[in-house]
Structures are given as C-alpha cells and as structure tokens.
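One structure is given below, encoded as structure tokens.
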Amino acid sequence: MERKRIGLVLVVALLMTSSGLLGYWMAPGEGNDLSGDARYFQVSTYASLSAGGYRGLITIEELLEKGGLGIGTVEGIDGEMMILDGVAYRAGTDMVPHEVPRGTGIPFAMVADFDEDAGDAFWAYDVGNYTVLQERFYEQAGDHIVSAVLVQTEFGSLTIRSVPGQQEPYPPLAEVIAAQSTTVLHDISGSLIGFVIHEGLGEVNVAGFHLHFLSDDLSYGGHVLDVSFEMGQVWSVGLSEVQVIDAYR
C-alpha cells in the first residue's frame, strides 16, 4: 500500500457527556477552536475499560465520522478493532478481520483524522522485537502528549492476540486478557496502526504504545504483542489535542 505523509494538528479537550462537564486541556499557544477536521478522538477511558466498561457509547458510524485511522474494540469487548483508510475491521479469537457492521456499539476506541500530505515519515531498520521498535520510534519522534503511528512493511515475525466476547455482568479487563488467544505470524505484509501516549493522561489512558495489526490481504488482525522486521516505513505525528467522550455510570 503506497502512502503519503500523515498529519494531525491537535489540542487537548475532555468532554464528559453524561456528567455535563465540559473542559479543555490546551497546549501552550493553542486556541480553543475544536471545529477543525484534524483531531484525536477517544471513546471512554482506559480506567473505565479496565473496570469492565464494555457497553457501547457510540455507534461505529459515529466513530468513523471522527477519524479514519484508529484502534479499539466493539461492544462486549468482542475482539480487537483496526481502522485504516476509514474502514473498521474486527478480529475475534480466530484473528480473521471482518468489516464492522453498521450499528455496532463502540465501548472504547482511539481514532484520528489525518491529511496524507502532512506529517513526518522515516524508515526503521533492524527491528528485532517490540522494544527495539519503540527505541527506533523515540529516536526519531519528538516529545508530544500523543502520537498517531502507522508502520507498513513485510514483517519477519509478528505476535498478535485477541480476546473473547463477554456477557453482562462484565468482568474486569485483567480477567478477559487472561483468556486471550495468541498467534505468531511469519513473513506477512501489513500495517501496524495505533497511538503512542508519551505522557500518562491519568485515568484517560496509560503511557506507552497501543498498536494493532492488519494484514494487507485482510487475513489476520489483532493486538500487537511482539514484532520484527528488517526495514519498515513509519509515519508519525505529534498530537496536542485529545477529545474524550465518556459516560460514567
């Protein structure tokens, strides 16, 4: 897949819909205009997801209006979700991606809209594992609150996971992950899609890499646990605006 450079211009904002609280976390020198097309948008918080918040807060159609690149899950935390070029895919424990049906509820997701003519791109070489990928990224990327990330290459090896769907009353995330399914892939072309949280955002999201995989032939997808490749192109852009929609129950 041939791709230009990804670009995002963002400031931080928190929107708590059910609580009626509206507030903004602004980067220095930025205004409070949230009307632009390019922004990071998060559904729910990691704290809520960890506690078993798996009920859909918005539909997949509403989510895709907020961005064409992203990751997350669907109602009941039934598998891993990957969004690339404005299309959302869900991979269950068989790791096979299928397009997310209209009307599907989304309990947690991280998405961004982007302009392929803007942003930063670089090559990462001799990536032997996930830790090395992170090192290569930090060598090239600046220090931002959040970065959107896309990596495209042929992977020498790739370990991915997915989790089984849950029924109410929902168990905490730790119990769900304990029942995860994993698979190791070799010599497969595709994309790593996701975000890097450079600073802890409290209960909104935890610091670190959050990447999912989608193969070019749509045969595999899932949450990335480990990765290796000889040479891959990385697109990265630092974000300064985060909009979060959450419903506290």
Within the stretch 201-225, of all residues that are under 16 Å from the mean Cα position of the chain (by Cα) and part of a loop (DSSP other than H, G, I, E, B), the one modelled with the lowest pLDDT is 201
Pairs returned, first residue in the stretch 48-75 that is more than 23 Å from residue 203 (Cβ to Cβ), second residue that is of a type in the set (Phe, Trp, Tyr), beta-carbon separation under 6 angstrom, 6 or more apart or interchain, are 69/114
Original post:
Scanning for something outside any strand (DSSP E or B) and touching a Lys or Arg at 6+ places or on another chain (Cβ under 7 Å), does the stretch 88-105 turn up at least one residue?
Top reply: yes
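What do you reckon, is residue 134 surrounded by fewer than 18 Cβ atoms within 10 Å (Cβ to Cβ), touching a residue at least 24 places away in the same chain (Cβ under 8 Å), in the same structural domain as residue 231 (by TED's automatic domain parsing) and under 19 Å from the mean Cα position of the chain (by Cα)? Don't jump to the end; show me each part of the working.
On the way: surrounded by fewer than 18 Cβ atoms within 10 Å (Cβ to Cβ): yes; touching a residue at least 24 places away in the same chain (Cβ under 8 Å): yes; in the same structural domain as residue 231 (by TED's automatic domain parsing): yes; under 19 Å from the mean Cα position of the chain (by Cα): yes.
When the stated conditions are applied, residue 134 passes them.
The rows are residues; the columns are (1) within 17 Å of residue 93 (Cβ to Cβ); (2) touching a residue at least 60 places away in the same chain (Cβ under 8 Å).
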position: 164; (1), (2): yes, yes
position: 171; (1), (2): yes, yes
position: 186; (1), (2): no, no
position: 189; (1), (2): no, no
position: 201; (1), (2): no, no
position: 216; (1), (2): no, yes
position: 243; (1), (2): no, yes
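Out of 149, 206, which single residue is buried (at least 19 other Cβ atoms within 10 Å of the Cβ) and not basic (Lys, Arg)?
One residue alone meets the criteria, 149.
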Checked against (1) under 22 Å from residue 144 (Cα atoms); (2) buried (at least 20 other Cβ atoms within 10 Å of the Cβ); (3) not polar (S, T, N, Q), residue 79 satisfies every condition except (1)
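The values are calculated or read from the model by the stated rules, or taken from the named source; none is laboratory data. No experiment lies behind these values; they were computed from the predicted model shown. Positions of Cβ are backbone-derived with ideal geometry, glycine not excepted, and every protein chain shown enters the neighbour counts.
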